[in-house]
Each structure stands twice: as structure tokens, then as C-alpha cells.
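The values are calculated or read from the model by the stated rules, or taken from the named source; none is laboratory data. Keep in mind that this is a model prediction, so the values were computed, not measured. For neighbour counting, all protein chains shown are included, and Cβ atoms are generated from backbone atoms with ideal geometry for every residue, glycine included.
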Amino acid sequence: MQQPAQGIRHEDMRRNNRRAAMRLLLRHGVLSKSQIARLAGFDPKTAGNVITELAQLGWVKLCGALESKGRGRKGVGVELAADRPWAVGLSVEPERVVGLRVGLTGKILARETKRLKGNDSAQTLEETVLDFARRLARGAARRSCLGLGVVAPGILSEDGRRWLRSVPLPQLVEASIHASLSGAVRAVPVRCEDASRGRAVCEACFGARQRDFVVIDMGKGIGAGFFLNGRLIRGVRGASGEIGHFVVEPGKGRRCGCGNVGCLETIAGYDAIAADYRARAAKPGGKGPARATIETVLRAAQEGDAAARAVLQGAAQVVGRVVANVVNLLDVSVYLHGALCRQSELFVDTVRETAGRHTIATNKPIVQLGAFGDDAAALGAAALMMEEYLL
Ligand SMILES: [Zn+2]
């Protein structure tokens, strides 16, 4: 690795060497120079150069003498710096925008959040993202900032610079987030991605780091992000993971934002669950929880309200059957994301039980709860810019 192969430029070689050393330090923690040389296949001189370069960038620090195995000699330990390099991750969601500055280990170094009204214009979305990016990337230079990642729900153009369609955030189509960010925060790369795929990248980089899994994100819409054989799946048209538009009840129920009838998210999305509860809990004379939202349903279910529990269980059974179909097809692990899953054990247990009943291979747990809470999408957006070190 230390000898430049024909056609590979010197700078590419140095970058590859830096990446190899950083990946080893991420995996092993503190290492001596000679351990890095041995594990990366560097000669001692190359190892010395790489460590010096990384120390000058402020990406690693030297941390005293390490006992060297065997010959009793002591070597200087090298470990990752706590706060460099970093990336900025921004998540545009139907009800908020969140921005994080994130270190390579997944540590959150700074945060910005703003609540949205739900019907904000494309311009407001764009300005908020721009404002957060400027603040979070302040002082950014190539040496410490690996880039800006932005995630939002929807299908992106082939070049990844625009959202072509978003059911939960239709105004995204009018926004020029990639162009604005690239213009405003120069010197660092910008990348846009679908939100559920961002969550999958978060699980792959900072979570259980499995090679074959799917994240299913329960929310107003329902999306999925697939990792197969260690790689994020985008699909031929960049539209993979649209699990919310699985037709589960053909011809029944409300029309979906996509134009079809019977889609999963019209049965088990937040608005659908709230609407079912309003209908089921209505009392004679039209009295009942007319303004019930998903939060109302979750609260009522926790208090033992039978209608709320029945609505959550009904939605979870439909999701559980879809999960079983996905697992039977691809034999992946499943991570459930979204506030609904974190707040309702009843929902997750019902998904797990239903999926288990309809899955052929049952020798390992199928459904797990994601561990990153509300930050998963923005963490994933930042991780998009750090993939070369983390995957
Ligand atoms: Zn649909």
C-alpha cells in the first residue's frame, strides 16, 4: 500500500494511507506507531509520515508510552482526537429541522433545532438549512470538516442534487438545498440523501454495524433504508425503500399522498392512526376526541384506553406482516425507528409477534428498536460524509 501504484497520484495515496490509519484507530482505540504499521501494511517510514500528518491536522494525538509486547520496548500511543475531524448533518423533517456537528465516533459536538409549522415554504426550509449549516460549519476548512450531509424524505434526482418527489414534504421539490449549501459553505463537499436511508447509514456507521439490515422509519410517512452486503441500496431509479407505499389493502381506505389507495402509510402512518382513533373513540352525538393526534393516541394507550390500544395493535399487525414479507424476501435484520416505536411497547411487541408468526427463518431475533432516538436521521446525514472512514 505504501508504494504508489501506477496511475495513482501521490495525494490519493496519502489520503488512502490516512484513511487506513484512521479506520484502525476507530476500530482498536489506542495503537502504537508500529502496531499501525503492522496492521496497515505500512513500512516504518510511511507509518511515521502518516501519523505526523494526522497529528498536524489535529485528527490524532499522542498519548504517552505504550508497553510493546514481547521485547519490553515502549512505543508512543496514538489515539483519535475527540473533536476532529467532524461533519455536519442536517435533517429536514415535516415538523422540524435539526442540524448536528458530529465527530467520527458519532459524538454530537453541537446542535441546532427549529420547529416547523408543517406548511412552511420551500424558501423557509432552504433558509433554515442554510442558516444551520453556516453556524455549524463555522470555521470549517477541509482539514477538519469532512462535509455537509442533508437528509429529507423523498426521491432524489440521479445526480443527488434535488428532491424530485416527497409525499410528507411536497414543497421540497421547489427547494435548491444542494446548490445553496454548495454556494454558501465552499471548500467542503455537500451530499443529499433520503431520510430513511440516512437512518440506515446511522445504524451502519454508529450502531450495530451489521451488513444486512433494514431500518423502517414510522412517522407521518413510512420509509425504509436497506443495507445489503454492507452497502446502502439506492436502486435503479434512486427510489428504493418506499415501503410506505406497499399496497396492503387494495382499494380500501383513504387516498395516499402518492395517488394510490391502500398504501401502508394510509393504514399505519401517524395521521392514519390518529384518524382511526378519532373514528373509533367517537361517542354517540358526535362527541369524542375530534382533535386527537398521534400523541393523544399514545398517551391514551399508556393510560389503558381500549380504543387507543386497539388502534395501535391494528396498525402494528399490518406493519408486522409487511416486515415478515421483507424478511422472507431478503433475510435481513429489522430496526424500527420513530417516536411511535420508542413510546409504545405495545406497538413494537405486536410488530415483533406478528412478524415472527409469518417469517420462515426464526432462529434469530428479527425486530429491534433503533438506538438513536430523534437524532438518527441527522446523525446519518453527517455519517454520509464520513463513510470512507466508518464503513
Ligand atoms: Zn402511497
Which residues, counting only those in the range 156-190, are crowded, with 20+ Cβ neighbours inside 10 Å and touching a residue at least 40 places away in the same chain (Cβ under 8 Å)? L156, V167, P168, L169, L172, A175, I177, L181, V185, V188, V190
Only unsatisfied item for L329, checking (1) away from the ligand (no atom under 16 Å from the Cβ); (2) in contact (Cβ under 8 Å) with a residue 12 or more places away in the chain, is (2)
Going by the conditions given, is V319 under 20 Å from V215 (Cα atoms), buried (at least 22 other Cβ atoms within 10 Å of the Cβ) and within 16 Å of the ligand (Cβ to nearest atom)? yes
Collect the residues in the range 223-259 that are in contact with a His (Cβ under 7 Å, 6 or more places away or on another chain) and either closer than 25 Å to D331 by Cβ or surrounded by fewer than 19 Cβ atoms within 10 Å (Cβ to Cβ) (or both), keeping them in residue-number order. C258
Among helices (runs of 4 or more DSSP H) entirely within the range 334-391, at least 2 residues that are touching a residue at least 40 places away in the same chain (Cβ under 8 Å) and touching a strand residue (DSSP E or B) at 6+ places or on another chain (Cβ under 8 Å) occur in 339-343, 376-384
Out of curiosity, is G285 near the ligand (Cβ under 10 Å from one of its atoms), at pLDDT below 95 and outside any helix (DSSP H, G or I)? no
Scan the range 134-153 and give yes if some residue there is under 19 Å from G198 (Cα atoms), surrounded by fewer than 23 Cβ atoms within 10 Å (Cβ to Cβ) and free of Cβ contacts under 8 Å to residues at least 12 places away in the same chain, otherwise no. no
So, A65, is that one of a type in the set (A, V, I, L, M, F, W, C), surrounded by fewer than 16 Cβ atoms within 10 Å (Cβ to Cβ) and not assigned by TED's automatic domain parsing to the domain that holds S144 or not? yes
Give me the pairs: first residue in the range 83-109 and without any contact (Cβ under 8 Å) to a residue 60 or more places away in the chain and surrounded by fewer than 22 Cβ atoms within 10 Å (Cβ to Cβ), second residue part of a strand (DSSP E or B) and among the polar types (S, T, N, Q), beta-carbon distance under 9 Å, and six or more apart or on different chains, which are they? R96/T113
If R231 passes every condition in (1) among the charged types (D, E, K, R); (2) at pLDDT 90 or above; (3) touching a Ser or Thr at 6+ places or on another chain (Cβ under 8 Å) but one, which one does it miss? (3)
The range 163-192, subset basic (K, R) and modelled with pLDDT under 95, residue nearest to I243 (Cα to Cα): R165
Helices (runs of 4 or more DSSP H) wholly inside the range 176-276 that include at least 3 residues being within 16 Å of the ligand (Cβ to nearest atom): 265-268
Does R165 satisfy the condition of being within 18 Å of the chain's Cα centre (by Cα) and within 28 Å of D271 (Cα to Cα)? no
